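Q: What follows is a structure written as structure tokens; I'll ask about it next.
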Amino acid sequence: GPKVLQIPSHQIIDMGQMVTLNCDPVSNHLYFYWYKQILGQQMEFLVNFYNGKVMEKSKLFKDQFSVERPDGSYFTLKIQPTALEDSAVYFCASSPGTGGSGQLYFGEGSKLTVL
Amino acid sequence: GDSVTQTEGLVTLTKGLPVMLNCTYQTTYSPFLFWYVQHLNEAPKLLLKSSTDNKRTEHQGFYATLHKSSSSFHLQKSSVQLSDSALYFCALKGNMGYKLTFGTGTSLLVDP
């Protein structure tokens, strides 16, 4: 089936550093998402992105967070500076468009540990 | 805003028994409901989806029926297997946006 690839799978950094999480969405998809999951708990929506713009973001999407997809390359989530509470698994997802059920396809996740 | 409620945090069952995982939702729009399954250290994968009232949808032995009258989309299976041990999320696409709103998830543990 369609695959969403995420790089890196694991990242350990010191608090205050910057981190960029990369996502290669399904090739013909138009909508991109980031979700945050702590310790196998709830999948919490962070942000969705379409046509070069943030469509919607949650309260969890702090000012230190940013997303972009320059020239159709990776869809990235950047956190600068990182905080201890940013430790989590971040899942990227993509969906085809306005038609259909809006099913999301998820990547394997990027586990971020902030020390 | 949209919300999804999953009342069970953990369900433990013996292999071969039936299971039902509860899911109720709130939205002011016409809902699309999903069940995702997440095995340990893996991505959530779609299990079932539905937007049709009172129609049963099935996949891999699991089934669910969307009941708009009670705002429910409970997941069932008649005979659980060891490989069904996983985290199950109910999710809703209800408003005019495209995001999914997830419930808190139910861990299903199947014993031999």
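Nothing in this text is a laboratory measurement; each read-out follows from the coordinates by a stated rule. Note that the structure is predicted; figures quoted are calculated from it, not measured. Virtual Cβ from ideal backbone geometry, glycine too; neighbours counted across all protein chains shown.
Q: Residue-wise, which Karplus ³J(HN,Hα) couplings in Hz belong to the stretch B:43-55, taking 6.51 cos²θ - 1.76 cosθ + 1.60, θ = phi - 60°, and x for glycine or proline?
A: Values, residue by residue: 6, x, 10, 5, 9, 8, 8, 6, 10, 9, 5, 6, 10 Hz.
Q: For chain A, what's the relative contact order in percent, using C-alpha pairs closer than 8 Å and at least 6 residues apart? Provide the component values of the computation, followed by the final result.
A: On the way: 274 pairs, mean separation 43.8, N = 115.
It comes to 38 percent, rounded to a whole number.
Q: Normalised radius of gyration for the stretch B:32-86, please: alpha carbon Rg relative to 2.2 N^0.38 Å, two decimal places. Let's see the in-between values first.
A: Values: Rg = 11.9 Å, N = 55, 2.2 N^0.38 = 10.1 Å.
Normalised Rg, Cα atoms only: 1.18.
Q: Something else: Across peptide B:39-50, what mean number of C-beta atoms from other chains lies inside 10 Å of a residue's C-beta? Write down the numbers at each step before the final one.
A: Working: counts 0, 1, 6, 3, 12, 10, 3, 6, 0, 0, 4, 1.
For peptide B:39-50, the averaged partner shielding equals 4.
Q: For the protein assembly as shown, compute the orientation-averaged projected area of the C-alpha convex hull (one quarter of its surface), in nm².
A: On the way: hull surface 49.5 nm².
Reported value for the Cα convex hull: 12.4 nm².
Q: Under a straight-distance cross-link criterion of Cα-Cα below 13 Å, which aspartates and glutamates are reachable from B:LYS93, leaving out those fewer than 8 residues away in the same chain?
A: Partners within reach: B:ASP2.
Q: Please tell me which of these pairs span more than 26 angstrom C-alpha to C-alpha: B:LYS55/B:LYS77; A:LYS53/A:LYS78; B:LYS15/B:LYS68; A:LYS62/B:LYS49; A:LYS57/B:LYS55; A:LYS62/A:LYS111?
A: Numbers: B:LYS55/B:LYS77 16 Å; A:LYS53/A:LYS78 15 Å; B:LYS15/B:LYS68 31 Å; A:LYS62/B:LYS49 31 Å; A:LYS57/B:LYS55 33 Å; A:LYS62/A:LYS111 18 Å.
Table pairs above 26 Å Cα-Cα are B:LYS15/B:LYS68; A:LYS62/B:LYS49; A:LYS57/B:LYS55.
Q: While we're looking at this one, here's another question. What is the dipole size for chain A, taken about its Cα centre, with +1 at each Lys and Arg Cβ and -1 at each Asp and Glu Cβ, in debye to the nearest 20? Don't skip to the answer; put the middle values down first.
A: Details: 9 positive and 10 negative charges, 33 e Å.
Once rounded to the nearest 20, the dipole reads 160 debye.
Q: Here's another thing I want to ask about it. Starting from 0.36 nm per residue, how many nanometres of slack lie between B:GLU8 and B:ASP53 once their C-alpha separation is accounted for? Don't skip to the answer; put the middle values down first.
A: On the way: separation 45, 0.36 × 45 = 16.20 nm, distance 2.38 nm.
Net length gain for the segment: 13.8 nm.
Q: What is the set of long-range amide H partners of B:THR104 at a cut-off below 5 Å, with H atoms built 1.01 Å from backbone N?
A: B:GLN6
Q: While we're looking at this one, here's another question. What residues of the stretch A:44-70 lie in the reach of a label at A:ALA83, counting those whose backbone N is under 13 Å from a point 7 Å from the Cα along Cα→Cβ?
A: Within reach of a label on A:ALA83: A:59-65.
Q: Any chance you could list P(r) for chain B, counting all Cα-Cα pairs in 10 angstrom bins from zero, rounded to whole %?
A: Percent of Cα pairs in each bin: 15, 50, 29, 6, 0.
Q: I'd like the FRET efficiency for A:LYS53 and A:SER27, computed as 1/(1 + (r/R0)^6) with the beta carbon distance as r and R0 of 22 Å, rounded to 0.05.
A: Working: r = 20 Å, r/R0 = 0.92.
For A:LYS53 and A:SER27, the calculated efficiency is 0.60.
Q: Could I ask something else about it? Once amide H atoms are built 1.01 Å from N in the peptide plane, which residues 5 or more positions from B:ALA86, or in another chain, come under 5 Å H to H?
A: B:LEU108
Q: For the stretch A:1-49, I need the span (max minus min coordinate) of the C-alpha atoms along each principal axis, in Å, sorted largest to smallest.
A: Taking max minus min along each principal axis of the Cα atoms, the stretch A:1-49 gives 36, 22, 21 Å.
Q: Just how many % of Cα pairs in chain A lie over 26 Å apart, if you round to the nearest whole percent? Before the final figure, lay out each step's value.
A: Values: 803 of 6555 pairs.
Value for chain A: 12 percent of Cα pairs lie more than 26 Å apart.
Q: Return the distance in nm (one decimal) between the two label points of a simple spin-label model at B:SER70 and A:GLN64, each offset 7 Å from Cα along Cα→Cβ.
A: 4.5 nm
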